[in-house]
1. When you scan the range B:154-161, do you find a residue that is more than 10 Å from chain A (Cβ to nearest Cβ) and touching a helix residue (DSSP H, G or I) at 6+ places or on another chain (Cβ under 8 Å), even just one?
2. With respect to residue D:78, determine if the residue is part of a helix (DSSP H, G or I) and in contact (Cβ under 8 Å) with a residue 40 or more places away in the chain.
3. Which condition does residue C:59 not pass, out of (1) in contact with a helix residue (DSSP H, G or I) (Cβ under 7 Å, 6 or more places away or on another chain); (2) within 14 Å of chain A (Cβ to nearest Cβ); (3) within 20 Å of residue B:213 (Cα to Cα), if it passes all the others?
4. Restricting to the range A:173-191, what's the tally of residues that are in contact with a helix residue (DSSP H, G or I) (Cβ under 7 Å, 6 or more places away or on another chain) and either in a strand (DSSP E or B) or modelled with pLDDT under 95 (or both)?
5. Residue B:112 versus (1) on the phi < 0 side of the Ramachandran plot; (2) under 19 Å from the mean Cα position of the chain (by Cα): which is the lone unmet condition?
6. Take the residues in the range A:224-240 that are assigned to a helix (DSSP H, G or I) and more than 10 Å from every other protein chain (Cβ to nearest Cβ); name whichever of them is surrounded by the fewest Cβ atoms within 10 Å (Cβ to Cβ).
7. Under the condition of being within 10 Å of another protein chain (Cβ to nearest Cβ) and crowded, with 22+ Cβ neighbours inside 10 Å, which residue from the range C:62-78 is farthest from residue C:122 (Cα to Cα)?
8. Would it be correct to say that residue D:85 is at negative phi and assigned to a helix (DSSP H, G or I)?
């Protein structure tokens, strides 16, 4: 059978990224408390293509991911990217693995337990000289508006917010540790299961810790600067405003 | 050219609905204040297909919608459905036209103005004997938790909520009137533009009107029962909880 | 602490459904080949609320689901619904558990293996007299247009389509068996991993089995009528048309 | 009333972007054929915030956009960004206005007409020294696999694809011209309304123009290089594969 992808291409234009997008796959990731966590991923895998070749070989991406899917860690992402570069004759390989990640969480007063979900991603970009890795988490938190509290006789508008942290790092970072940065930077953190004593606690805690989107990204930035392992980060906050039908947003990007 | 769709089908199974889905199209709808409003729609149009025929003629759906797209009202939806039944030789025709709808709204104290968006839909279902029409609106509102307020020393968790109302009616209903039912049934309504005096107002107003998802659907149900034009309704509320990463939900369906 | 939810409500309007929506949770479901499959779910759980009571107790829904999350089957869904009715003092309980489900699948010629994803759901609705259960699957397939093939000198437009089957049944149904109905009703089935010999096979197979959306729902309907276990079904097909920016759609609903 | 946002912030961390996100608003944009087109937008507007200040003034973003919403062009985006910088005392302002855009399109043989939808965006980024503007379009096209055609006895798998082009330019670019680049770079273009003679035409045209995702981005890149007005572009293609449940993807980024 003809290898159409291997034909010489005469347009002489190199392609930056070519590969597969939005592959849904079962995966297992490293878990701080339970060793391994089974979840499901959406995966993008790309390599570059020199200007001489007509196409890449798409089925090889799936074969490679299939070999690694039950042991995905930030550690072996480097290995996967090297295998991609070799088997696809590419100089650069990039990859993003997005997945929901669950942590067992206790309510602050009653101690009632349930699983809390976080959207996470491992992102890797690798050429012959160096590799760059990004850990990404999207964490739901509560924000309570300082202006609303200050100017009102009682009450204060609050809402669900989402903090997204992307971080480059030296050796190793736990998802759990980055998630804690997010959960401790807002007006209050969220819980899967709250009894009445807990609801009183989180209501008063949020009222005692008013924070604009601006405050929340700054709180997180200070913590991320203090984590020595991290070399670069971007932190974003989006407040699903309870008084508007649009969001309030803030973003800090920092290179150490 | 052969008419493959017109071939006789030997499986002898009638099809309930066949047609086009997710057509995006510019439309103009009737507007209470400004006569006509330009917006964009996502359209589904279906007819039934007798067991004898292999297929319907998909291009005719587009032709029909194209004739009516710049004057879509609940009034002429009946006409469109009749044209669908005729030109596609069908006994039944159904249609849903979803679109964002905008209303100019003044802030409660400062009077500052902006446009507020609402997700709306016209839904029609028509056979030779009768037609059924549903007006649908999805309205963002504020909800403030009565339990959180009652048990806490200060503050109360609140959040953005969405009320969805579907209503069948006798002669005519304005989108604006159904939207007002939703906006007056929660703890507070939302605004596109709030100055500081307005923010104080909505914060205190919400605190003065705590309401569970259960309260909000009941408040709306009472108002919808009172509108004589309405013969059936379903009202749903979803609170994007500020203390959880899941929603609270309530629904009432009522046949008069 | 006050039980605000337990207060008497004077509006005297019963609520059809109240509970939690869009809870994300890790689950394990029964698997035909491997006994148990770990995946992640989005869960809605509702009960009815008599007209006397102000509110339901939202945290109990999470507690109940947490007890069952690592062994969700269509079999114990009945048990969960009974527990919901008891602990929430309700006469009716409903529940939907949506999750991606993976099946290992071999390419048709080379036998190359990978995991294929399907969107599935268990749906239950239960009162004191009876329970109703629906199995739901959304399966990607290929459709190739018979009209395009017939009237063109060569080629035929084809595309990814999605078949959604919902089925009520007597005793027990495997997800795998309903998924096979969908995969064998289109022009061709999809695979996670295809080598060149497989690509030739699926291309020719699809060209040899042209089918309108209308044909595909009828093919599936005939098979579902033949499965004695099934008492009711609805089958929908949506073709993500390669020649249009809207979809072609067909639906058959059948009560035995 | 206190100006909480104006308070001095002691954390001494500047914020890169702060503002509003996902504002839905009615807009009018410049149209090559009809002068002005009414549509609906989703808008993000951000400024930077010096390290001294606690917060920005969110309501001013809405006020500014409200002044300009009925005459949004790439031309006056510069003006909006300058107004944002002034009224919010910022050195940098960025903005993205996303909207569906419609073009009347004739079928290739019958000449039958309908409106075709495209996802577009105006993106601007402006500081005291310079402004950068990006035009973005997402265009649905057909792709037909050259490998599938070459190795199969008959037929060839094809599917809906989406080409996304982002372009920086010197003076002025019509959305219509960039959309044409996308529509002429795939195996065939899409139409809102096709009669049988047209369906024969597009089927054969696509079969005569097989193209991988790699070919399609290269075809577009060559055309974009030739448009002198353009100084930088990124072109991405995603094929919604008809034989897989994931996409094929390719991307070229080019600085002139």
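1. no
2. On the way: part of a helix (DSSP H, G or I): yes; in contact (Cβ under 8 Å) with a residue 40 or more places away in the chain: yes.
So residue D:78 passes the test.
3. Going through (1) in contact with a helix residue (DSSP H, G or I) (Cβ under 7 Å, 6 or more places away or on another chain); (2) within 14 Å of chain A (Cβ to nearest Cβ); (3) within 20 Å of residue B:213 (Cα to Cα) one by one, residue C:59 breaks only (1).
4. Total meeting the criteria: 2.
5. Just one mismatch for residue B:112, condition (2).
6. Applying the filter and picking the extreme gives A:226.
7. Looking at residues that are within 10 Å of another protein chain (Cβ to nearest Cβ) and crowded, with 22+ Cβ neighbours inside 10 Å, I get C:62.
8. yes
The values are calculated or read from the model by the stated rules, or taken from the named source; none is laboratory data. Remember, predicted model here, so these are calculated numbers, not experimental data. For neighbour counting, all protein chains shown are included, and Cβ atoms are generated from backbone atoms with ideal geometry for every residue, glycine included.
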